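The values are calculated or read from the model by the stated rules, or taken from the named source; none is laboratory data. From a predicted model like this one, the values you see are computed outputs, not experimental measurements. Cβ atoms come from the backbone with ideal geometry, glycine included; neighbour counts cover every protein chain shown. Ligands, DNA and RNA are excluded from the accessible area calculation, which covers all protein heavy atoms including side chains. Shrake-Rupley method; radii C 1.70, N 1.55, O 1.52, S 1.80 Å.
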Amino acid sequence: MYGISVDIRKAIGDAILSSLTRVIDKMNYATLAIVCFLFSHTKPDDVALLETTYNQLSGVYQRYLSKRGDSVQPIPWKSMSQPINMMPKKRISNEYDFIIVGSGSAGSVIANRLSEISDWRILLLEAGKGENLWSRLPLAAPTMAFTPYNWNYLAEYQHNMSLGFEQHRMLWPRGKALGGTSVINFMIYTRGNKWDFERWAAQGNPGWSYKDILKYYMKSENSKLKEADYRYHGNSGYWSTEDIYRSELVRRFVEAGQELGLSRIDYNANVESFGISPIQANVERGRRHTVARAFLHPVRQRPNLHILTSAFVTKVLIDPNTKSVYGVEYERGGRVYKVKASKEVILSAGTFNSAQLLMLAGIGPKEHLQELGIPLLQDLPVGRNLHDHLTFPGLSFLINRELSLSAYLLLNYTSFYDFFVNGKGPYTSLGGVEGIAYIKTELSQDIQDIPDIELLFMDGSLNTDYGLFNRRWMNIRDDIYNTVFAPTHNIPSWTVFPMLLHPKSTGYLKLRSTNPRDYPLLYGNYFTDPEQQDINTFVASIRYIQRLARTRAFQEIGSQLNPTPIPGCDMYDFDSDDYWRCALRSISVTLHHQVGTVKMGPPHDPTSVVNHELKVYGVKRLRVSDCSVIPFAVGAHTNAVAVMVGEKTADIIKENWGKPTY
């Protein structure tokens, strides 16, 4: 095949382009098979053909990922991304013992565990729908932000921040699905450093120390990790953790870290705080393992568990005289319904929506509620204390070997067979993320062994997908992408994304209006700490990554920093500290770990909203259980932390109502 004429190869290229266009337009699986066959018989060095194809593809995708006038919000894909429902249909009653609002990483767990009590009736309400086959593909993680599974939140404008984004605003994707954000996230399994939980408990939250919560991490987990320390991992839980695809590049990443003195560790065992490792992932046989698939699908036939999707909760029903919650109101199919809870309502709608529902019910800051004419029920600092993890995607390194993820590696029979039959291969890669490390920069003020930076290793960079997805969910402007990344389409690369684990800067959210369909006003307030500790710690992490690139492991493949400066920062000397501060303000992006808007804390803490048992202060029969209760940004991706919160919440509820778990 490789010896055929240029004309025939051009015809193959035209056929590829035509077929790929039909795939996008029709999502036809037979056509997709033809495309894979054609690519599997194309030379890997046919860069001109591949680039031409991708450039044309990018134009086709513009019809589905095109910019609107007021924001960069993609138009949903037509068929492949449409949600489906796989839960059994049951007749919904007018009253339940417990109503859970939101089926995300805490809500799904709570529904599972509470329905273990056969004489309790549980209703789980979810605004979104169920997963589809496309959402199960780990490599497709960057595409999930462009589907109906995303609420499409957009942070408000912040002066001197997001300068390289469309309208200087950051997209904040959150999951609208059965399974919540676990349907659209990158499936990275991290629990957080043990000292995070010691600090959590020390702030006046008994029962939340590391020794208290470790058992819940282990309870949830069904680990099949080959290098795990099984003193600290479970293997009989619902939620799968597995190893994923490991490229030659991630092997070099680990070796480079070891050259700099980092140990190869099981970072979730918390035996050592600093180290480096291939990633641990929430996948099952190579497929995305959402909390819905893990915790809901196995128990969906329980007669006392009713799961209702496409149910948008608009109001928490509270008796203003007794301040006691008695149910919720929700919309479904154009109709409004009310359902009562004889015991409790549990809000697990997420960091944004749980806070929104509380404020709409009159639970929130007095002055803000008065501005909107909402009668005050309980004056609490709901919406304040918003913490988030930032990362920087602009530190890419070019190499002299074809080792990165590429179209040729992916679009061939072997890779497809390996994934669909064996659950292995490059399609199990978490959108290209394959490695992780924890370091402590010289700017850290912690006296304990607490990392201040997480390093995420990506097999490739923003140019690897030819600008189709990654840079779009980050909202990076066309001129930035085309100047910095597009010229390196044909050059293999790798990237390390530094993530600031414990930011000093905090944001907040407010209601946009009294309409529950209007998502809140979201303010990140990044890099606003007076001492500028946050941005300077990022600069220190960039210097560390550059040291990684200079190790033998990476110099053997000719690693060199992408030399193209970010437009708008070229007034500074390239690679100076001032240049990197400018670059960080230009294209730093959220890693979707917003927490803290319904902060857990003791009653004497004026910043607290719920107590250590997740009960809302001053309101009866109402708890909040999701990332909103986490008091500060812990050193973890929040999915696993939210599952732990759900597990502990369920045990607290059982004990409070005389059904303790032994």
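Overview of results
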| quantity | calculated |
| --- | --- |
| Alpha carbon convex hull of region 371-493, projected area averaged over orientations, nm² | 14.8 |
| Label-point gap, in nm, between ASP478 and ARG251 - each point 7 angstrom along Cα→Cβ | 4.2 |
| Region 239-247 - phi-based ³J(HN,Hα) in whole Hz, Karplus 6.51/-1.76/1.60, Gly and Pro as x | 9, 7, 10, 9, 7, 10, 3, 10, 8 |
| Full-extension gain in nm, ASP570 to ASN235, via 0.36 nm per residue minus C-alpha separation | 115.4 nm |
| Residue-span extension gain [ARG401 to TYR662] - 0.36 nm each, minus C-alpha spacing | 88.4 nm |
| Rounded to 10°, Cα long-axis angle of helix 533-549 versus longest principal axis of the chain | 40 |
| Placed amide H near GLY327: partners under 5 Å, 5+ positions off or other chain | LEU317, ALA341 |
| Relative packing of peptides 368-379, 609-620 - highest average C-beta neighbours within 10 Å first | 609-620, 368-379 |
| Span from the region 93-126 Cα centroid across to the region 411-438 one, whole angstrom | 35 |
| HN-Hα J in Hz across region 352-358 - Karplus 6.51, -1.76, 1.60, θ = phi - 60°, x for Gly and Pro | 8, 6, 5, 5, 4, 5, 4 |
| Surface share of carbon and sulfur [accessible, 1.4 angstrom probe, percent] for region 208-273 | 47 |
| Summed side-chain charge close to ALA650 - residues other than ALA650 whose Cβ falls under 15 Å, Lys, Arg +1, Asp, Glu -1 | +1 |
| Once the Cα gyration tensor of region 94-250 is diagonalised, semi-axes √(5λ) in Å | 28, 24, 20 |
| Accessible area (Å², per residue) of region 504-560, counting only protein heavy atoms and a probe of 1.4 Å | 42 |
| DSSP beta bridge pairing in the chain, given as percent antiparallel to the nearest 5 | 70 |
| Enclosed volume per residue, in Å³, of the convex hull spanned by Cα atoms of region 474-630 | 188 |
| Sequence-distant residues sharing a close amide H with LEU163 (under 5 Å, placed H) | SER586 |
| Whether region 603-662 is rounded, prolate or oblate, judged on the alpha carbon gyration tensor where a/c under 1.5 counts as rounded | oblate |
| For ARG264, residues with placed amide H under 5 Å, excluding near neighbours | ILE276 |
| Anchor LYS89: lysines whose Cα lies under 21 Å away (excluding residues fewer than 8 positions away in-chain) | LYS129, LYS176, LYS338, LYS340 |
| Between helix 577-587 and the chain: long-axis angle, C-alpha atoms, 0 to 90°, nearest 10 | 70 |
| Under the Karplus curve 6.51 cos²θ - 1.76 cosθ + 1.60, θ = phi - 60°, whole-Hz ³J(HN,Hα) for region 179-186, x wherever Gly or Pro sits | x, x, 5, 5, 7, 10, 7, 9 |
| Rounded accessible area of TYR326 (nearest 10 Å², 1.4 Å probe) | 90 |
| Under 15 Å from LYS323, Cα to Cα: aspartates and glutamates that are on another chain or at least 8 residues apart | GLU344, ASP379 |
| Global size of region 172-277 as Cα Rg and Dmax, reported in angstrom | 15.9, 46 |
| Spin-label pair GLN258/TYR337, simplified geometry with 7 Å Cα→Cβ offset, distance in nm | 5.7 |
| Residue list for region 446-472, given a label point 7 angstrom along the Cα-to-Cβ vector of HIS489 and an amide N cut-off under 20 Å | 460-472 |
| Label zone at LYS89 (point 7 Å along Cα-to-Cβ), backbone N below 18 Å, region 306-320 | 306-311 |
| Whole-percent carbon and sulfur share, accessible surface of region 551-662, 1.4 Å | 51 |
| Accessible solvent surface per residue of region 170-328, calculated while the other protein chains remain in place, 1.4 angstrom probe, Å² | 35 |
| Rg ratio (alpha-carbon, reference 2.2 N^0.38 Å) - the chain | 0.94 |
| Cα-derived Rg to Rh of region 308-420, Kirkwood definition | 1.28 |
